[in-house]
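Engineer: Dumping the structure here so I can ask a few things about it.
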Amino acid sequence: MPAPEPLTLDEDKPASRKWLKEVLKPARAGLREALLVSLFINLLALAVPIFVLQVYTRVVFSHGVSTLYALLIGVVAALVFDFIIRQARSRMLQRVALRIDVALGRSLYDKISALPLRTLEGRPSGFWQTLFRDAEMVRNTFSGSAAVLLTDLPFAVLFVAIIYVIAPPVVWVLLIALPVFVIVSIISGRMMQGATKGERQAGIGRDAFLAEMLQGRSTIKALALERTIKPAWEDKHADTIERALVRGGRTDMFSNLGTTMTMLTTIALVTTGALAIIDLRLTIGALIASTMLGNRVIGPFNQLVGNWRNYANCRQALKRLDTVFALAEDRTERSIRLSRPEGRLTLEGVSFGYEEGRPPVIDNLSMEVKPPGMLGVVGRNGCGKTTLLKMMQGLYAPTGGRVLLDGGDISQFSRRDLATWVGYVPQECFLFAGTIRENIAITDPEASDEDIVKAATLAGVHDYVLDLPDGYATEIGEAGSRLSGGQRQRIAIARALLPDPPILLLDEVSGNLDMQAETALRNTLGELARDHTIVVVTHTPVLLRACNNIMALDRGRIAMGGPTQEILPRLFGGAPRPAEANAEAAVEAEQKDVALAASAEKSS
Ligand code: ADP
């Protein structure tokens with residue numbers, strides 16, 4: 001059985017950076033301009049040392065005041081120009097950052113949205129969130145100080161060459177110091193990498209825990225779990241703090257080391273220069289100018305010590321993004337525009353497993369359901385009913401066999417087509433913050449009021465909505481939190497009905513409905529089943545009785561299946577079908593776990 005696509009970092013796999021090229025494309029011109037401007041900025045850095053050298057050689061000893069003024073005007077003009085082009089470079093880099101941000105944010109969103117559900121479920125939500133932090137890291141490296149630094153470094157060679165010309169006795173100090181800076185940078189990168197990775201992982205763990213706590217806040221409150229949960233939270237929080245401290249400690253250590261090394265290099269330059277002046281091999285002006293230039297050389301190398309970790313982090317971020325951008329996507333493009341299908345759903349020897357090496361959850365299952373028809377699916381918890389529905393909607397690709405829609409393998413249809421043709425109401429209905437209208441029309445915001453009201457009426461929620469002071473404009477709060485479970489469920493049903501899909505899959509949707517709503521739903525489904533295909537996972541007799549056929553699942557296989565009038569009595573061990581008039585008693589009698597009856601039937 002093929003395993004779901006792994007989401008691991010493969011260090012040896014050559015990275016495909018096509019996505020990065022695409023992302024950098026709109027920023028490329030800006031980057032080139034910024035690099036060109038950096039060239040001028042670095043050349044202008046020569047202005048002050050040249051000024052100092054000239055003052056010492058042409059002004060101080062020869063009392064050339066007019067030369068001094070000329071030099072002063074020249075150097076001030078150079079500094080003003082330097083300020084202007086530095087400002088220009090900042091703006092260019094801001095534009096580059098903006099373009100990278102827009103392009104990368106959009107590509108990443110599109111990529112994550114296009115990933116199959118199983119791939120998304122394969123990692124905690126924190127993992128997907130931190131990818132956006134990785135995107136930020138890439139943006140900062142390509143458009144921030146790290147990028148500027150890379151443009152400054154090559155000029156070190158030029159400046160060292162100039163120092164060699166104006167002050168040969170001191171140049172060897174730099175020739176020794178610079179490689180030391182590079183070695184320390186590499187060591188810092190290595191030492192920081194582990195610390196940064198640890199901090200990142202601890203952060204993901206803590207954020208995931210926090211997200212879960214917030215999601216389960218009502219359960220935590222209801223069971224007063226604050227104290228039970230606190231030690232786990234504190235562990236995670238402490239771990240994050242500890243790792244941040246380790247990382248911060250190392251960052252500070254290398255930053256301080258860089259500062260000390262910078263000062264040591266200046267001292268070495270001045271000491272060597274002073275000895276050379278005593279030996280009359282160097283002038284004071286040349287020493288001052290070369291010290292200034294030396295600092296200009298060391299500055300970027302000092303920054304390199306701090307920034308190496310950013311390059312290493314960016315490399316890691318790029319690798320993670322490479323892995324994600326290389327993942328297979330759901331089909332997003334339709335190859336041909338097909339008309340609305342009739343609604344014949346066929347499963348041919350379909351199998352599915354969540355984990356390799358574990359027994360399949362759906363095991364070689366074959367069946368067909370077509371309109372007019374309503375199929376009831378029953379079975380004990382965990383027997384694979386939800387998984388089966390998700391496969392019918394194309395959310396999970398079978399690991400064996402095929403799912404066909406009107407005879408065509410559904411793997412060829414785009415996600416959007418499948419979502420339009422196969423309506424799916426999951427057990428846990430998720431609504432989005434916004435109005436009731438927006439939620440019902442979320443798949444088609446242009447839907448007419450008439451269609452929205454029709455869907456809401458079919459779902460049995462129209463009267464309730466009309467009763468609200470703001471009607472369809474009522475804000476339902478975060479994830480629909482201002483609504484009751486049953487109201488949420490009915491709005492989710494209306495949302496699924498809006499595009500009038502030929503196939504409708506409902507997973508335990510009556511769990512939160514009152515008896516009246518359940519009966520209304522049964523009537524709606526019975527009506528729809530005349531020209532739609534309906535598959536309903538349910539244990540309630542009210543809905544089961546409206547089905548034409550019933551299929552009992554057991555460990556991913558069909559334990560029993562056939563027309564309702566045949567299967568329903570067998571599910572209840574041949575008990576007489578309760579009279580409709582005695583509905584309440586009937587519900588009580590039938591609300592035993594029908595799945596248990598199904599398996600009992602199977603074993604007998
Ligand atoms: P049912 O809807 O019949 O209660 P499900 O289809 O939800 O059952 O689950 C079938 C089996 O698959 C269960 O044993 C469950 O533990 C397992 N399962 C469901 N979802 C996942 C998942 N995302 N990852 C791993 N196992 C899962």
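Engineer: All but one of (1) in contact (Cβ under 8 Å) with a residue 40 or more places away in the chain; (2) within 27 Å of the chain's Cα centre (by Cα); (3) over 22 Å from R123 (Cβ atoms) hold for A177; state the number of the condition that does not hold.
Structural biologist: (2)
Engineer: Quick check: anything in the stretch 533-555 within 40 Å of the chain's Cα centre (by Cα), away from the ligand (no atom under 16 Å from the Cβ) and modelled with pLDDT of 90 or more?
Structural biologist: Checked the stretch 533-555: at least one residue is within 40 Å of the chain's Cα centre (by Cα), away from the ligand (no atom under 16 Å from the Cβ) and modelled with pLDDT of 90 or more.
Engineer: Related question: Out of F159, F181, which single residue is under 21 Å from T259 (Cα atoms) and either in contact with a Leu (Cβ under 6 Å, 6 or more places away or on another chain) or among the β-branched types (V, I, T) (or both)?
Structural biologist: Working: F181 fails: either in contact with a Leu (Cβ under 6 Å, 6 or more places away or on another chain) or among the β-branched types (V, I, T) (or both).
Result of the check over F159, F181: F159.
Engineer: Mind checking which residues of the stretch 314-345 are part of a loop (DSSP other than H, G, I, E, B), touching a Ser or Thr at 6+ places or on another chain (Cβ under 8 Å), within 30 Å of M560 (Cα to Cα) and of a type outside the set (G, A, S)?
Structural biologist: Of everything in the stretch 314-345, just one residue is part of a loop (DSSP other than H, G, I, E, B), touching a Ser or Thr at 6+ places or on another chain (Cβ under 8 Å), within 30 Å of M560 (Cα to Cα) and of a type outside the set (G, A, S), namely R344.
Engineer: Then there's this: Among the numbered criteria (1) more than 19 Å from P341 (Cβ to Cβ); (2) within 16 Å of the ligand (Cβ to nearest atom), which one does E518 miss?
Structural biologist: Exception for E518: condition (2).
Engineer: Kindly list the number of the only condition in (1) more than 30 Å from L418 (Cβ to Cβ); (2) free of Cβ contacts under 8 Å to residues at least 12 places away in the same chain that fails for R106.
Structural biologist: (1)
Engineer: Still on this model: Do we have R106 as basic (K, R) and surrounded by 14 or more Cβ atoms within 10 Å (Cβ to Cβ) here?
Structural biologist: Values: basic (K, R): yes; surrounded by 14 or more Cβ atoms within 10 Å (Cβ to Cβ): no.
Here the answer is no, as R106 does not meet what is asked.
Engineer: Continuing with this model, one more query. Considering every residue within the stretch 378-393, establish whether at least one is buried (at least 22 other Cβ atoms within 10 Å of the Cβ), farther than 25 Å from L568 by Cβ and either of a type in the set (F, W, Y) or touching a Pro at 6+ places or on another chain (Cβ under 7 Å) (or both).
Structural biologist: The answer is yes; a qualifying residue exists.
Engineer: Any idea which of (1) within 25 Å of the chain's Cα centre (by Cα); (2) away from the ligand (no atom under 16 Å from the Cβ); (3) in contact (Cβ under 8 Å) with a residue 12 or more places away in the chain is the one P426 doesn't satisfy?
Structural biologist: Against the list (1) within 25 Å of the chain's Cα centre (by Cα); (2) away from the ligand (no atom under 16 Å from the Cβ); (3) in contact (Cβ under 8 Å) with a residue 12 or more places away in the chain, P426 comes up short only on (2).
Engineer: For the stretch 504-545, which residues satisfy the criterion of being among the β-branched types (V, I, T) and closer than 17 Å to V369 by Cα? Let's see the steps before the verdict.
Structural biologist: Step one: of the stretch 504-545, the residues among the β-branched types (V, I, T) are 509, 519, 524, 533-538, 540, 542.
The answer is T533, I534, V535, V536, V537, T538.
Engineer: If you take the residues in the stretch 467-495 that are at positive phi and part of a helix (DSSP H, G or I), which one is modelled with the highest pLDDT? Walk me through it before giving the result.
Structural biologist: Within the stretch 467-495, the subset at positive phi is 471, 477, 479-480.
Next cut, part of a helix (DSSP H, G or I) only: 471, 479-480.
Working: G471: 94, A479: 84, G480: 87.
In this case the residue turns out to be G471.
Engineer: Continuing with this model, one more query. Output the number of the condition that R490 fails; it satisfies all remaining conditions of (1) among the charged types (D, E, K, R); (2) touching a Gly at 6+ places or on another chain (Cβ under 8 Å); (3) surrounded by fewer than 21 Cβ atoms within 10 Å (Cβ to Cβ).
Structural biologist: R490 satisfies every listed condition except (3).
Engineer: Do we find a residue being at positive phi and touching a His at 6+ places or on another chain (Cβ under 9 Å) anywhere in the stretch 332-351?
Structural biologist: Looking through the stretch 332-351, at least one residue is at positive phi and touching a His at 6+ places or on another chain (Cβ under 9 Å).
Engineer: Of everything in the stretch 451-466, what is crowded, with 21+ Cβ neighbours inside 10 Å and either in a helix (DSSP H, G or I) or within 33 Å of the chain's Cα centre (by Cα) (or both)? Give them in sequence order. Spell out how you get there, then give the answer.
Structural biologist: Let us first name the residues in the stretch 451-466 that are crowded, with 21+ Cβ neighbours inside 10 Å, namely 452, 455-456, 458-461, 465.
Selection gives I452, A455, A456, L458, V465.
Engineer: Residues R118, R133: which one is more than 16 Å from the ligand (Cβ to nearest atom) and over 29 Å from F40 (Cβ atoms)?
Structural biologist: Details: R118 fails: more than 16 Å from the ligand (Cβ to nearest atom).
Going through R118, R133 in turn, the sole match is R133.
Engineer: Name every residue in the stretch 121-148 that is touching an Asp or Glu at 6+ places or on another chain (Cβ under 7 Å) and at pLDDT below 85, in order of residue number.
Structural biologist: The answer is G126, and nothing else.
Engineer: Go through A433, A441 for me and flag whichever is under 27 Å from the mean Cα position of the chain (by Cα), surrounded by 16 or more Cβ atoms within 10 Å (Cβ to Cβ), farther than 30 Å from T564 by Cβ and of a type in the set (G, A, S).
Structural biologist: Numbers: A433 fails: surrounded by 16 or more Cβ atoms within 10 Å (Cβ to Cβ).
Going through A433, A441 in turn, just one is under 27 Å from the mean Cα position of the chain (by Cα), surrounded by 16 or more Cβ atoms within 10 Å (Cβ to Cβ), farther than 30 Å from T564 by Cβ and of a type in the set (G, A, S): A441.
Engineer: Also: In the stretch 133-148, what residues are β-branched (V, I, T) and under 25 Å from A202 (Cα atoms)? Spell out the reasoning first.
Structural biologist: Residues of the stretch 133-148 β-branched (V, I, T): 138, 141, 148.
Result: V138, T141.
Engineer: Name the residue, out of S510, S484, that is among the small types (G, A, S) and either surrounded by fewer than 18 Cβ atoms within 10 Å (Cβ to Cβ) or more than 25 Å from L345 (Cα to Cα) (or both). Walk me through how you get there before you give the answer.
Structural biologist: Working: S510 fails: either surrounded by fewer than 18 Cβ atoms within 10 Å (Cβ to Cβ) or more than 25 Å from L345 (Cα to Cα) (or both).
Testing whether each residue is among the small types (G, A, S) and either surrounded by fewer than 18 Cβ atoms within 10 Å (Cβ to Cβ) or more than 25 Å from L345 (Cα to Cα) (or both) leaves just S484.
Engineer: Further, regarding this structure: Do you know which residues across the stretch 224-258 are outside any helix (DSSP H, G or I) and surrounded by 11 or more Cβ atoms within 10 Å (Cβ to Cβ)?
Structural biologist: Step one: of the stretch 224-258, the residues outside any helix (DSSP H, G or I) are 224-225.
Residue satisfying the conditions is L225 alone.
Engineer: Of the residues T151, T130, which single one is within 30 Å of R206 (Cα to Cα), β-branched (V, I, T) and buried (at least 16 other Cβ atoms within 10 Å of the Cβ)? If you could, list the steps in order and put the result at the bottom.
Structural biologist: On the way: T151 fails: within 30 Å of R206 (Cα to Cα).
Unique residue meeting the criteria: T130.
Engineer: Given the conditions (1) exposed (fewer than 15 other Cβ atoms within 10 Å of the Cβ); (2) among the aromatic types (F, W, Y); (3) under 30 Å from F209 (Cβ atoms), report the number of the one that Y69 does not fulfil.
Structural biologist: For Y69, the failing item is (3).
Engineer: Which fully enclosed strands (runs of 3 or more DSSP E) of the stretch 499-556 have 2 or more residues being in contact (Cβ under 8 Å) with a residue 60 or more places away in the chain, aliphatic (A, V, I, L, M) and within 23 Å of H462 (Cβ to Cβ)?
Structural biologist: Values: elements: 503-507, 533-537, 549-554.
Filter on the stretch 499-556 gives 503-507, 533-537.
Engineer: Just checking, does the stretch 340-349 include any residue being farther than 30 Å from T119 by Cα and in contact with a Leu (Cβ under 7 Å, 6 or more places away or on another chain)? Don't jump to the end; show me each part of the working.
Structural biologist: Of all residues in the stretch 340-349, those farther than 30 Å from T119 by Cα come to 342.
Retained after the next criterion (residues that are in contact with a Leu (Cβ under 7 Å, 6 or more places away or on another chain)): none.
No, the conditions are met nowhere in the stretch 340-349.
The values are calculated or read from the model by the stated rules, or taken from the named source; none is laboratory data. Fair warning: this is a prediction, and the values are worked out from it, not measured in the lab. Here the Cβ is made from the backbone with ideal geometry for all residues, glycine too, and neighbour counts use every protein chain on show.
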